[in-house]
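Encoded as structure tokens, the structure appears first; notes follow it.
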Amino acid sequence: SSWFDQARFIPPDAIFALTAKYVADSFPQKVNLGQGTYRDANGQPWVLPSVNKAREQLMTNGLNHEYLPILGLADFRNATAKLVLGPELYSQRQSQVATCQSLSGTGSLHLAGLLLRACHGQPKVYIPSPTWSNHHQVFGSLGFPCESFKYYDPETRDLDVESYYSMLDNAEPNSIIIIHACAHNPTGCDPSKEQWKEIARRMKERRLFPLFDSAYLGFNSGNLDEDAYPIRLFIGEMGMEAGVCVSFAKNMGLYGERVGCFLLATHTEQAATNTQSMLEMLQRSEVSNPPGFGAKIASQVLRSEELKRMWYTDMITMSDRIRSMRKALYDHLLALETPGSWDHLIRQSGMFGFLGLSAEVVVQLRGMSESLDIKVPVRKDENANPSTAEQYHVYMADNSRVSIAGLNEGNVEYVARSIAEVLK
Ligand code: PMP
């Protein structure tokens with residue numbers, strides 16, 4: 001017997017498991033559309049030129065490895081608040097905003113959850129369906145009752161805004177609503193500006209708390225100010241209190257450096273001071289203090305006019321390439337007379353495309369005979385690679401979400417052809 005006989009087996013995270021299967025596949029033309037990480041035109045990770053330059057400057061100026069303060073790098077926190085709110089709103093409201101550096105977007109959501117729990121107990125957390133696979137775990141593990149609401153209509157392959165409104169009209173007052181600020185993951189469908197106004201109005205009226213998950217600012221349209229529209233609408237024009245969980249993983253390509261920030265826009269200086277002091281205490285007990293290197297890079301980019309301009313260009317480079325690959329996949333699917341309609345692909349935006357394929361088709365595209373939804377560990381099968389003798393080698397999430405950034409001129413036709421053949 002073991003002290004841990006009560007331990008349950010938790011299946012591996014589906015997307016990380018998918019990457020492991022992809023790595024194990026020896027087929028040279030294999031394509032990984034699973035994990036949402038940007039790839040350049042050659043399928044390689046891309047260090048942004050602005051980030052490269054900031055790194056060089058840091059090295060030249062002398063970099064040490066001392067601890068950061070518990071709340072993180074103050075220059076970074078302030079520059080992030082100014083970036084997200086825009087200079088005008090920032091100058092009006094800065095004293096009412098609490099900030100705390102976090103372990104990327106995930107850590108920011110977790111800190112937000114800790115603070116909300118400490119201030120409000122465990123109200124309901126409403127989460128769009130579908131959503132990023134980690135939302136339920138982050139808030140569920142903190143004890144919040146999580147409820148899904150219908151965000152997407154598989155029939156129209158578009159946002160189901162009426163279901164969204166009806167959730168808001170029926171939600172319990174003082175509940176928390178998780179909002180993807182832009183580039184909704186996985187559907188790529190965001191509300192229009194008019195719909196955002198209606199969402200904000202209903203949330204304000206019903207006293208619901210907006211918690212923005214902002215993992216793709218600038219990555220969606222290529223223009224960060226455009227992508228920050230709903231955040232500035234809620235906090236600025238609508239005068240609402242809101243939390244914003246910012247990640248620099250995607251828009252600065254700083255994935256593994258874990259650079260993020262939690263911002264809380266409140267109504268009073270006192271609330272900002274108090275919540276920031278609580279964030280400091282919560283951070284101390286979790287990680288003591290956040291990592292320095294990535295935050296120093298991001299701060300260098302955000303605080304230099306020259307580097308910031310370069311970064312805005314880098315975001316255009318990434319979002320343009322993604323948009324052109326979205327179009328290329330669409331064009332190839334049509335040219336191959338692939339059964340079904342594909343207009344939704346070019347209507348969506350952001351890093352992800354939601355193809356709308358059945359799980360069986362997705363599994364066939366991987367050249368496997370079963371889904372990755374692993375229920376029990378079967379150790380003896382770990383080294384078997386069922387895909388080597390199979391026909392297709394295109395890896396995507398079970399729900400047919402594809403990371404468009406994984407496509408390039410060299411593989412997009414192969415991907416379209418594989419989809420077309422499986423569907424015919
Ligand atoms: N939210 C969403 C919607 C995401 O897609 C991601 C990354 N896949 C994150 C948060 C968090 O990412 P990270 O912790 O790497 O910043």
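A few points about this structure:
- Helices (runs of 4 or more DSSP H) enclosed by the stretch 71-122 - at least 1 residues per element that are away from the ligand (no atom under 16 Å from the Cβ), touching a Gly at 6+ places or on another chain (Cβ under 9 Å) and over 26 Å from Ser175 (Cβ atoms): 87-93
- Pro186 satisfies every condition listed in (1) free of Cβ contacts under 8 Å to residues at least 40 places away in the same chain; (2) more than 30 Å from Lys296 (Cα to Cα) except (1).
- Residue within the stretch 23-34 that is surrounded by fewer than 15 Cβ atoms within 10 Å (Cβ to Cβ) and under 21 Å from Trp311 (Cα atoms) present: no
- Contacts under 8 angstrom Cβ, first residue in the stretch 132-146 being under 27 Å from Val402 (Cα atoms), partner among the hydroxyl-bearing types (Ser, Thr, Tyr) and within 12 Å of the ligand (Cβ to nearest atom), 6 or more apart: Asn134/Thr106; Val138/Thr106
- Listed by position, the helices (runs of 4 or more DSSP H) inside the stretch 157-259 whose residues that are within 15 Å of the ligand (Cβ to nearest atom) number at least 1 are 224-227, 229-232.
Residues are listed down the side, and each one gets a yes or a no for (1) surrounded by fewer than 22 Cβ atoms within 10 Å (Cβ to Cβ); (2) assigned to a helix (DSSP H, G or I):
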{"residue": "Gln270", "(1), (2)": "yes, yes"}
{"residue": "Met278", "(1), (2)": "yes, yes"}
{"residue": "Gly294", "(1), (2)": "no, yes"}
{"residue": "Glu306", "(1), (2)": "yes, yes"}
{"residue": "Ile316", "(1), (2)": "yes, yes"}
{"residue": "Pro339", "(1), (2)": "yes, no"}
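- Any hit, the stretch 41-61, residues being at pLDDT 95 or above and over 24 Å from Ile297 (Cβ atoms): no
- Residues located in the stretch 233-259, provided they are more than 17 Å from Phe212 (Cα to Cα) and hydroxyl-bearing (Ser, Thr, Tyr): Tyr255
- Val138 meets the conditions (1) aliphatic (A, V, I, L, M); (2) within 20 Å of Met240 (Cα to Cα); (3) within 16 Å of the ligand (Cβ to nearest atom); (4) in a helix (DSSP H, G or I) in every case but one. The failed one is (2).
To keep it simple, each residue is scored yes or no on (1) more than 17 Å from Glu241 (Cα to Cα); (2) out of contact with any strand residue (DSSP E or B) (no Cβ under 7 Å at 6 or more places or on another chain); (3) among the hydroxyl-bearing types (Ser, Thr, Tyr); (4) buried (at least 21 other Cβ atoms within 10 Å of the Cβ).
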| position | (1), (2), (3), (4) |
| --- | --- |
| Thr156 | yes, yes, yes, no |
| Gln195 | yes, yes, no, no |
| Glu198 | no, yes, no, no |
| Asp213 | no, no, no, yes |
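The values are calculated or read from the model by the stated rules, or taken from the named source; none is laboratory data. As the structure is a prediction and not an experimental result, all values here were calculated from the model. Note: ideal-geometry Cβ built from the backbone for every residue, glycine included; neighbour counts use all protein chains shown.
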